[in-house]
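See structure below.
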Amino acid sequence: MRKLRAWLIRFVEVFRNQQREAELSGELESHLQLHIDDNLRAGMSPAEARRRALIKLGGLEQTKDSYRGAAGLPFLEALIQDARFAVRSLRKTPGFTAVAVLTLALGIGANVAVFSVVNTLLLRPLPFPDSERLVWFTGNHGQGGLSPTTYNVGSYEEYARHAQSFEEVTCYQTFWGSSEYNMTGHGEPRHVQAVMVANNFFRTLGVPPALGRTFLPGEHQKGAAPVALLTDWFWRQEFGGDPQVVGQSVRLDNRAVTIVGVLPASFDFAAVFSPGLRVHFFTPAVMDEIRTWGNTVAMVGRLRPGISLEQAQTETNLLSPQFRAAHPEPDWFMEYSADLSYLKDHVTGKLHRSLFVLWAAVALILLIVCVNLSNLMLARLASRTKEFAMRGALGASRGRLVRQLLTESLVLSAAGAALGIGLAFGITSYLARQSSIALPLLNTIRVDSAALAWTLFVTVLVGILFGIAPGVILSRSNMQSNLKDSGRGLSEGRSHDRVRSVLVVSEVALACVLLIGSGLLFRSFLRVLDVDLGFQPSNLSVVDVIYDGGAKGEKRGPVLQEILSEVQSIPGVESAGIADMLPLDRDRGWGLANPSREYRRDADTGAIVRIVSPGYLRTMGIRLIEGRDISWQDTLANERVVVINETAARRHFPGESPIGRAATGFDNKPGTVIGVVADVRIHSLETSPEPEIYLPLNYGPEGAQLVVRSTLPPATLTSSIMPVLRRITPDQPNAAFRSVQTLVDRSVSPRRFFVLLVSSFAGLGLVLAALGIFGVISYSVTRQTQEFGIRMALGATPGLVRRNVLGRTLKLAGIGMGMGAVASVVTSRVIASLLFQTEPGDPMTFVTVMFLLVCVALTAGYFPALRATRIQPSTALRCE
Amino acid sequence: MAEKQEVQQGTLALMVLKTLEAIGPLHGYGIARRIEQVSGEILSVNYGTLYPALLKLEQEGDIASEWGFSENNRKAKFYRLTRAGRHRLAKETHEWGRTTAILQKFLGATEPSV
């Protein structure tokens, strides 16, 4: 306790140095005076009194010194002194300081930003209590699109009832299209998205309502009074955050729905389960209504405490065959097996490798920054040898001088970190607002305390890393001889030069690795953009048409036909069509089979289905390979027809023309194949097409997406087409046309995101490497001014001198590139799984990067070379 | 003439505390003089030893200081005993008593007994 108190006081004393100094002087002065007074009283002469007193008291300065040591903390004071001195000396060289701090800020800022991304997506648990016990169920071993990998209500109920490994198993309805509503009764009609959830959904996730209550069991029964929960953002936006909203009602698709509660702001369903989805409401999933919809629910379970994922998996492996055996009914389509994974891994697992690569890239950048600064510090040290020699001569120990250097590098890295954190804040808040990037949890990215701790760690690490090389050189050098030297930096000699060359070579090697990695990723990205979508997204716009003509298809066809013919007559509209869902946006899986073929029991007869109007295929630019498009005469009353894609034709009608052939699997009656169209990309640009079928509009009351091909921008289309829509269907909310290209952009957004980040790091690395080469070559030219002068006096041509300098540049760069290329062979294997149609050893990328590096090295070496040729022999020989 | 003795490390603190207890608030010079007088001018206290000792006592909370005026009207820093200091003085006085008693016995016992 006493000791602690003393230390605390000493710590505080460090910061009131001057005041303490003054007080001590005063006290000692008064001591002396009192002594003199006594001596005078004893009868001495004033001079004698003073002399005696001074003798008695001993050395004034020694006293002060030992007092100082005991009053504050000498170690800390020296540190502060060093830091002050560092700041002073750095201010004397503003150019160097600015370059160093800026470089550090970029390096540290990039690191903190990427750390925040990695932290949010990988390290931080999901935003639910005990989220490590939440488990995701994947159906059909992950094969196929959304439909096969989700569950039907029956299988959900079986798991919820029988799976003992779980405290709860819950589900939500994943086909958002069936829970989109037109909201009226609160301002303008607007299109809202609800998510239907099982009764125990919020309990399982551990999300209590912020206001009101969650759903009661009875509210999931057929015929119950409709209720809804508001999401926080929509509550604030639409209802002004009014707590009185609980108990009010709104109309969703013309049904009065009572708002029973508001969810907390911390609960962001979309961020976890469906990045980019704007969810307005949650509604109770009425199981008896969606029971017949097929596979539409996604399941999440909460493990009982102490139960491992493996134990749960063992149990579900036993359960699914039992369920299958107990359900002979035809809508029990499949095995309904469950591959369990932690929810966190399901959400972000696919990103592990990308994020790891991103992290490695910023780590490389940081290394390059360190190497670069080491180099700068060495150059600075060279011009300060005299200063250090002088300080050494005045009594500073070698350790103290090295500490001074380290303090300087730490001060620099702290300044860089301060700026870098600002940069990271900018980057993260920018990323958090990018709703167009389809990455989970992205909107929750922020620089948090963990990121700040990381910054501190990185700052100290960097400061020490780049301070070490100059420190080692200083501690080895002979300071006396430095002091004697008259020439500029002659003493540092070859070893110093060699260190700098090694640094530049490693910098080039690191940059090379980064460039090749990002080059491969960039090439993959270009390949992805080059993928034949199967449709033409340019000049295509889309809007949701809200038409609920009383559930059945008979009335729906004529209304949508009227809409289409009206829209097509609007000037500027080339063509128009309607589909329930667009590719790359949403999909549903039905089935397709050739009745005249034998299928194995486990054969995949799944097919993606799109309910489309005549003209949809033409409007989308989907090529018709054979046969004809759907027409308005193809109603359920006439012959059932289907258009299939090439993959479906190949799989189910191999070696024959499917036109006119019977097809089953999508209706209770067989239909006739009337057309074959080109494949389109369904889930993403990078997954290969699956069998797909197109059916006439009367197959389903699902959403209707009006697609318009026109050179007019979406905004113009909105203003010309929306009045037509609202006239025909008065409930049509005032939605805006979106460009179909945004679907494509969204689909490639994660890849674009990574490529952009990795390439900008690579670009940064290249610039730093160029600076490094420039610095070293330029410095060596300066050191060799005399040599070049002599050589030119003896007849060397400027061309020869230039070749000499450029040759040395190329030698350094060449060694670095060689090492980088060898390292890249290894690193490109690591990122192989992230590449798309690109070989890890892609010669094109390697050659391009090498060429780029040679160009950059030559440019960096060119200016010093130019300077070397301009040396005047007479001046060169005279100087120094 | 006997050499004047420097104060032993560790004992000075105790002497300072005792002085302040006996006389009340006092400045550094006064403390030094008093210790020298009490020792019968055997001890010599210079400020190189005194002030660091005072500082340490103050940091540890045994004494407190404030500026005031001496009897002949000179500005000086006066030290006074705190409650913690009083406590420490009592404790250390007791310990010293025991230590010296033990040493006394010990040194006495080493003399050859007859």
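Quick notes on this structure:
- Any chance residue A:153 is farther than 20 Å from residue A:341 by Cβ and of a type in the set (A, V, I, L, M, F, W, C): yes
- Yes/no for residue A:214 being of a type in the set (S, T, N, Q), open to solvent by less than 20 Å² (accessible area, probe 1.4 Å) and under 26 Å from residue A:129 (Cβ atoms): no
- Within the range A:469-512, if we keep just the residues that are among the β-branched types (Val, Ile, Thr) and closer than 25 Å to residue A:823 by Cα, the residue that is modelled with the lowest pLDDT turns out to be A:499.
- Complete set of residues in the range A:628-672 that are of a type in the set (Gly, Ala, Ser) and either open to solvent by 10 Å² or more (accessible area, probe 1.4 Å) or in contact with a Phe, Trp or Tyr (Cβ under 6 Å, 6 or more places away or on another chain) (or both): A:631, A:637, A:649, A:655, A:657, A:660, A:662, A:665
- Selection status of residue A:140, within 30 Å of residue A:312 (Cβ to Cβ), away from chain B (no Cβ under 14 Å) and not acidic (Asp, Glu): yes
- Residues satisfying the stated conditions in the range A:173-192, i.e. surrounded by fewer than 18 Cβ atoms within 10 Å (Cβ to Cβ) and modelled with pLDDT of 90 or more: none
- Enumeration of residues in the range A:198-211 that are closer than 18 Å to residue A:171 by Cβ, within 30 Å of the chain's Cα centre (by Cα) and open to solvent by 20 Å² or more (accessible area, probe 1.4 Å): A:206
- Among the criteria (1) on the phi > 0 side of the Ramachandran plot; (2) touching a Pro at 6+ places or on another chain (Cβ under 7 Å), the one residue A:592 does not fulfil is (1).
- Contacts under 8 angstrom Cβ, first residue in the range A:344-363 being part of a helix (DSSP H, G or I), partner open to solvent by 60 Å² or more (accessible area, probe 1.4 Å) and of a type outside the set (A, V, I, L, M, F, W, C), 6 or more apart: A:344/A:125; A:344/A:132; A:353/A:833
- In the set (1) away from chain B (no Cβ under 14 Å); (2) in contact with a Gly (Cβ under 6 Å, 6 or more places away or on another chain), the condition left unmet by residue A:85 is number (2).
- Residue that is farthest from the other protein chains (Cβ to nearest Cβ), among those in the range A:48-72 that are assigned to a loop (DSSP other than H, G, I, E, B) and surrounded by fewer than 16 Cβ atoms within 10 Å (Cβ to Cβ): A:59
- Test: residue A:460 is more than 24 Å from residue A:521 (Cα to Cα), in contact (Cβ under 8 Å) with a residue 12 or more places away in the chain and not in a helix (DSSP H, G or I): no
- All conditions in (1) in a loop (DSSP other than H, G, I, E, B); (2) open to solvent by 70 Å² or more (accessible area, probe 1.4 Å); (3) of a type outside the set (Phe, Trp, Tyr); (4) closer than 20 Å to residue A:134 by Cα hold for residue A:310, with the sole exception of (1).
- Tally, over the range A:313-344, of residues that are open to solvent by 70 Å² or more (accessible area, probe 1.4 Å) and within 24 Å of residue A:118 (Cα to Cα): 1
- Yes/no for residue A:411 being surrounded by 21 or more Cβ atoms within 10 Å (Cβ to Cβ), of a type in the set (A, V, I, L, M) and touching a Ser or Thr at 6+ places or on another chain (Cβ under 6 Å): no
- Options A:656, A:626, A:646; residue that is more than 27 Å from residue A:543 (Cβ to Cβ) and within 37 Å of the chain's Cα centre (by Cα): A:646
- The range A:836-868 - residue that is in a loop (DSSP other than H, G, I, E, B) and of a type outside the set (A, V, I, L, M, F, W, C) and, of those, farthest from residue A:771 (Cα to Cα): A:837
- Positions within the range A:791-835 being outside any helix (DSSP H, G or I) and open to solvent by 40 Å² or more (accessible area, probe 1.4 Å), in sequence order: A:794, A:795, A:797
- Pair list, Cβ under 8 Å, 6 or more apart: the range A:14-33 residue more than 7 Å from every other protein chain (Cβ to nearest Cβ), other residue of a type in the set (Val, Ile, Thr): A:14/A:80
- The number of residues in the range A:456-468 being surrounded by fewer than 22 Cβ atoms within 10 Å (Cβ to Cβ) and out of contact with any Cys (no Cβ under 6 Å at 6 or more places or on another chain) comes to 6.
- For the range A:718-740, a residue qualifies if it is surrounded by 13 or more Cβ atoms within 10 Å (Cβ to Cβ) and not aliphatic (A, V, I, L, M), and the qualifying residues are A:718, A:720, A:726, A:729, A:731, A:732, A:733, A:737, A:738, A:739.
- Some residue of the range B:86-100 being within 24 Å of residue A:27 (Cα to Cα) and within 14 Å of chain A (Cβ to nearest Cβ): no
- Just one of the listed residues (A:788, A:774, A:754) is within 23 Å of the chain's Cα centre (by Cα), surrounded by 20 or more Cβ atoms within 10 Å (Cβ to Cβ) and part of a helix (DSSP H, G or I), namely A:754.
- Between A:257, A:250, A:297, the distinction of being in contact with a Cys (Cβ under 7 Å, 6 or more places away or on another chain) and either at pLDDT 85 or above or closer than 15 Å to residue A:231 by Cα (or both) belongs to A:297 only.
- Of residues in the range B:64-80 being open to solvent by less than 30 Å² (accessible area, probe 1.4 Å) and either under 12 Å from the mean Cα position of the chain (by Cα) or among the small types (Gly, Ala, Ser) (or both), the one farthest from the other protein chains (Cβ to nearest Cβ): B:64
- Restricted to helices (runs of 4 or more DSSP H) entirely inside the range A:232-301, those with at least 1 residues that are surrounded by fewer than 21 Cβ atoms within 10 Å (Cβ to Cβ) and aliphatic (A, V, I, L, M) are A:269-273, A:287-290.
- Counted residues, the range A:115-158 - those being open to solvent by 50 Å² or more (accessible area, probe 1.4 Å) and polar (S, T, N, Q): 2
- Scan of the range B:43-63 for residues that are more than 10 Å from chain A (Cβ to nearest Cβ), farther than 17 Å from residue B:24 by Cβ and buried (at least 20 other Cβ atoms within 10 Å of the Cβ), ordered by number: none
- Criterion (free of Cβ contacts under 8 Å to residues at least 24 places away in the same chain, out of contact with any Leu (no Cβ under 9 Å at 6 or more places or on another chain) and among the basic types (Lys, Arg)) met by exactly one of A:650, A:661: A:650
The values are calculated or read from the model by the stated rules, or taken from the named source; none is laboratory data. Since the model is a prediction, treat every value here as computed from it, not as a measurement. Quick reminder, even Gly has a Cβ in these numbers, built from the backbone with ideal geometry, and neighbours come from all protein chains shown. Ligands, DNA and RNA are excluded from the accessible area calculation, which covers all protein heavy atoms including side chains. Shrake-Rupley method; radii C 1.70, N 1.55, O 1.52, S 1.80 Å.
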